[in-house]
Amino acid sequence: MSTVKLSLATLAIEEKTQLASNIGTAMTGNALFTNPDPTLASLKATADALTTATTKAAEARAKAQIATMEQDAAEDALDTVLTQLGTYVEGATKGNEAGILSAGMAVKAAANASGPLPAPGPVSASTGDAPGEIDLLWPRIPGAKSFVIQYATDPSATDADWKFGGTSTKSSATVTSLAPGARLWFRIAATGTSGQSPWSSPVTARAI
């Protein structure tokens, strides 16, 4: 006896809604299926609801991406002003610690005083705006100069099976050129003068 094969776990959202449409068309007026359970009307309504929700989610991600870009630009602008002011204070005080502290600024510790970097986290992963993209976000880590991103199809994969997903100097990144519809796992490590941190706990998301 044959059994139905839907393979839903491997289908992207657009493929699922197209499958629902194809099934609805094929079963309409089909004498073999006089009383479908659930009804074909329910099938169509559920598929339409998913299409609507997907559109809303894409619009929300687009708005969030724009807001994040604006936030990054504003943050960069403030970083520039603070850096310039720090240079001024350092020159005006001729590097005097008490003078620097009196400006509300901290004094750098010796380079060898920094300890090992902690693993980044918590890391969040979400579907990107374009096909094959995943957006990643994590808290800043003091002392980190950049972050390395890797991805795999299994969170328990060996180190050799994790693939390079890029680097970032910020606490966010977008991994591109991923297979649409694929569910992947991502992990991040910080790098700095003290070396590389442990890897973050893997997080998962599906590319569209």
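When segment 104-116 is limited to residues that are of a type in the set (A, V, I, L, M) and modelled with pLDDT of 90 or more, the one that is most open to solvent (accessible area, probe 1.4 Å) turns out to be A106. Annotation note: Cβ proximity below 8 Å between a residue of segment 87-106 that is of a type in the set (A, V, I, L, M) and a residue that is open to solvent by 80 Å² or more (accessible area, probe 1.4 Å) (sequence gap 6+ or interchain) occurs for I100/E90; I100/A106. Figure legend. Inter-residue proximity from segment 54-76: first residues more than 17 Å from P139 (Cα to Cα) and in contact (Cβ under 8 Å) with a residue 40 or more places away in the chain, second residues of a type outside the set (K, R) and assigned to a helix (DSSP H, G or I), beta-carbon distance below 9 Å, spacing 6+ or different chains. Indicated pairs: T54/I13; T54/E14; T54/T17. Taken together, K56, K44 contain a single residue that is open to solvent by 90 Å² or more (accessible area, probe 1.4 Å), within 24 Å of D135 (Cα to Cα) and either in contact with a helix residue (DSSP H, G or I) (Cβ under 9 Å, 6 or more places away or on another chain) or at pLDDT 90 or above (or both), which is K56. How many residues does segment 185-205 contain that are of a type in the set (F, W, Y) and open to solvent by 10 Å² or more (accessible area, probe 1.4 Å)? Qualifying residue count for the region: 2.
The values are calculated or read from the model by the stated rules, or taken from the named source; none is laboratory data. Here the structure is a predicted model, which means the values were calculated and not measured. Backbone-built Cβ (ideal geometry, glycine too); neighbour counts: all protein chains shown. In case anyone asks, the SASA skips ligands and DNA or RNA and just uses the protein heavy atoms, side chains included. Shrake-Rupley method; radii C 1.70, N 1.55, O 1.52, S 1.80 Å.
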